[in-house]
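Q: Next up is a structure, given as structure tokens.
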Amino acid sequence: SDVHTDKLENMAWWRRLEERSAHRADSLILAGDVSHRPDVLLETLQIAARAFRTVHFVPGNHDLWVRGGGGGGGGTSIDRLLEIEATCARLGVCTAPALAAGAIVVPILSWHHPSWDTEPDISGWRGIPPVERCLMDYHMTRWPPGVRQEDGSAAAAVDELNDRPRAG
């Protein structure tokens, strides 16, 4: 996970991986945070599909960014997730539960929920900005009307997508 191929040195590593052809009989589990840029995500998935026998992918938070060069064309982060799944289907990249070398791989879609922050608030320091101002996910995502990160409804909306039938 967290291959961040929008960084040039990371993409160069992926391109060399494909050139070596050492993993054509292997399965790859790619657990998100590939790129916030749709073109880079597409190239990375294409390379993975050529370099490995099977690729299993679940998007991470950076992959769902739609602002600041993240693409999305005015759509929401849910739209972006569905676009990614359609791209994976075209490339033969698995986004649904599947077998890989005798193991069951179950990609589970998720988004961080405010209830996960169980640490006590920091006291005694002044000027600590709220998480909404610090965490890029609050600035780089766009959610459907009525869906927000602050109240956990973004996490619920992403989680609900696990309940639908998925192929591939």
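Q: Pop a pseudo-label 7 angstrom from the Cα along the beta-carbon direction at both SER115 and ASP2 and give the gap in nm to one decimal.
A: 2.6
Q: Looking at the stretch 75-152, I'd like the Rg to Rh ratio, where Rg is from alpha-carbon atoms and Rh is Kirkwood's inverse mean 1/r.
A: Details: Rg = 17.7 Å, Rh = 15.9 Å.
Here the Rg-to-Rh quotient is 1.11.
Q: Next question, about the same structure. Please compute the per residue accessible area over the stretch 45-168 with all protein chains in place, 1.4 Å probe, rounded to a whole number of Å². Mind showing how you got there, number by number?
A: Working: 6970 Å² over 124 residues.
Using a 1.4 Å probe on heavy atoms only, each residue of the stretch 45-168 averages 56 Å².
Q: Hey, could you get me the Stokes-Einstein D for the stretch 18-58, Kirkwood radius over alpha-carbon pairs, 25 °C and 0.890 mPa s, rounded to whole µm² s⁻¹? Could you put the intermediate results ahead of the total?
A: Values: Rh = 10.5 Å.
Estimated diffusion coefficient is 234 µm²/s.
Q: May I pose another question? Using the Cα centre of the chain as the reference point, and only Cβ charges (+1 on K/R, -1 on D/E), how large is the resulting charge dipole? Debye, rounded to the nearest 20.
A: Numbers: 17 positive and 23 negative charges, 125 e Å.
That gives the chain a dipole magnitude of about 600 debye.
Q: Based on the Cβ-Cβ distance from ARG133 to HIS23, what FRET efficiency comes out when R0 is 41 Å, to the nearest 0.05? Don't jump to the answer; show the numbers that get you there.
A: Values: r = 42 Å, r/R0 = 1.02.
Result of the calculation: an efficiency of 0.45.
Q: Okay, next question. Ignoring any ligand, DNA or RNA, what whole percent of the accessible area of the stretch 23-168 comes from carbon and sulfur when the probe is 1.4 angstrom? The partial results should precede the final answer.
A: Numbers: 4460 of 7950 Å².
On the stretch 23-168, the fraction of accessible area on carbon and sulfur atoms equals 56 percent.
Q: Could you compute how fast the chain diffuses translationally, taking Rh as the Kirkwood radius over C-alpha pairs and applying Stokes-Einstein at 10 °C with viscosity 1.306 mPa s? Give it in µm² per second.
A: Details: Rh = 17.2 Å.
Result for D is 92 µm²/s.
The values are calculated or read from the model by the stated rules, or taken from the named source; none is laboratory data. Being a predicted model, the structure only gives us computed values, none of them experimental. All Cβ positions, glycine included, derive from the backbone under ideal geometry; neighbour counts span all protein chains shown. Areas reflect the complete protein model, heavy atoms only, side chains present, ligands, DNA and RNA absent. Shrake-Rupley method; radii C 1.70, N 1.55, O 1.52, S 1.80 Å.
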